[in-house]
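The values are calculated or read from the model by the stated rules, or taken from the named source; none is laboratory data. Predicted model, so just to flag it, every value in this text is computed and none were measured. Cβ coordinates were reconstructed from backbone atoms using ideal geometry, including for glycine residues, and neighbour counts include every protein chain displayed. In case anyone asks, the SASA skips ligands and DNA or RNA and just uses the protein heavy atoms, side chains included. Shrake-Rupley method; radii C 1.70, N 1.55, O 1.52, S 1.80 Å.
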Amino acid sequence: MLDEDVNFLSSHDHNFKNLKVDYPLQAIEFFAHEVFPKIEGNPKVMPLRQEQQKDNLADRYRAMDTPIKLEWPNGEKAIVVFALEAESNPYKFDVIRLAHYCLDLAKQHKTNRVVPVVVFTSSGKYQKDLHLGTEKMTTMQFDFIACQLSQLDYKQWCDSQNIVARLTLPLMNYPEEERLEVVHKSTQGLLSLEPSKAFQGKYMPFITHYANLDETDIIEYQQRYPQESEIMLTYTQQLWQQGRLEGKQEGRLEGKREAIGQGERELLLKQLKRRFANKATRVYEAKVMQANSTDIERWAINILDAKTIEEVFS
């Protein structure tokens, strides 16, 4: 996993920007499902630059998350520009800023087919439209498509064939006791709908991050759903490493960091026993318990392809 793929967890905007650039049609079909449930005709997809051109050099840039242009080859539907924005705090949403941005897109791309879509990742009230004018006359009316993930029923989307819907299941509405089942359904969707190993590794952190899993949750998950345990383990090591880095920044005690390292070693032993049986694992138990985090991570990755326990430690 690349460093940038690990670091993207710290930026909510970056997370959803990646999601919409990697899966643009699926993002539109899910986030705007009430209006655009299925996009047909094989349009050309073009992510656009975020910052719009300025009329004057002294003007400030207006930028949203991810504008996406769809252009159909037969020209029948011409150009549609989707202005997608993810907003983590509905109370801070600025509908006037969004309206400005859509007008900029319409002017720049010479089309009035601009569709604003806002994805709210948490609950809360937000301004649902914009009306300008007086009591006698409306001079401007601006509306947008809103997708408030926390209001969506997880069970309506848990078996969806749309990968964006499956990846965002942890942000939907479900009972707390079903959280690991939600992660299971989300992970199943990722592994079945995304053939690329690189993208599977990229979006496992997305699922576990928004499900807010800790080490105990991950161990329980692996016991309950062993089929996905190997790819989950790879991310687990990254999660704990990131936790140690955050601990240094926040001045956590050395004892806490050592406890996390001990958890890594114990989890690796559990995986070895599950894969190669107890007897074979005992030979390497002392080696694992004395290893540093770099070796633990390397061995955990080796488990994914190793046919024998010797290959794990080679």
Nonlocal amide H pairs with residue 84, under 5 Å, H built at 1.01 Å: 66, 68, 117
Under-5 Å amide H pairs with residue 114, H placed in peptide plane, nonlocal only: 81
Two-site label geometry, residue 314 and residue 100: point separation in nm, points 7 Å out along Cα→Cβ: 6.0
Segment residue 38-residue 143, length gained on full extension (0.36 nm per residue, minus Cα span): 35.7 nm
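Give me the extension gain from residue 125 to residue 112: residue separation times 0.36 nm, minus the current Cα-Cα distance, reported in nm with one decimal. Walk me through the numbers before you get to the answer.
Values: separation 13, 0.36 × 13 = 4.68 nm, distance 2.86 nm.
Taking residue 125 through residue 112 to full extension adds about 1.8 nm, to one decimal.
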Whole-Hz couplings from phi, Karplus 6.51/-1.76/1.60, listed for region 21-30; x for Gly and Pro: 6, 6, 10, x, 5, 5, 5, 5, 5, 8
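Of the accessible area of region 154-212, with the probe set at 1.4 angstrom, what percent is carbon plus sulfur?
On the way: 1150 of 2390 Å².
Carbon and sulfur: 48 percent of the exposed surface of region 154-212.
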Cα-only radius of gyration and Dmax that characterise region 105-218, units Å: 18.8, 61
Straight-distance crosslink candidates among lysines, where the alpha carbon sits under 27 Å from residue 279 and sequence neighbours closer than 8 are dropped: 270, 287, 307
Per-residue HN-Hα couplings for region 195-203 [Karplus 6.51, -1.76, 1.60; θ = phi - 60°; Hz; x = Gly/Pro]: x, 6, 5, 5, 6, 4, x, 5, 9
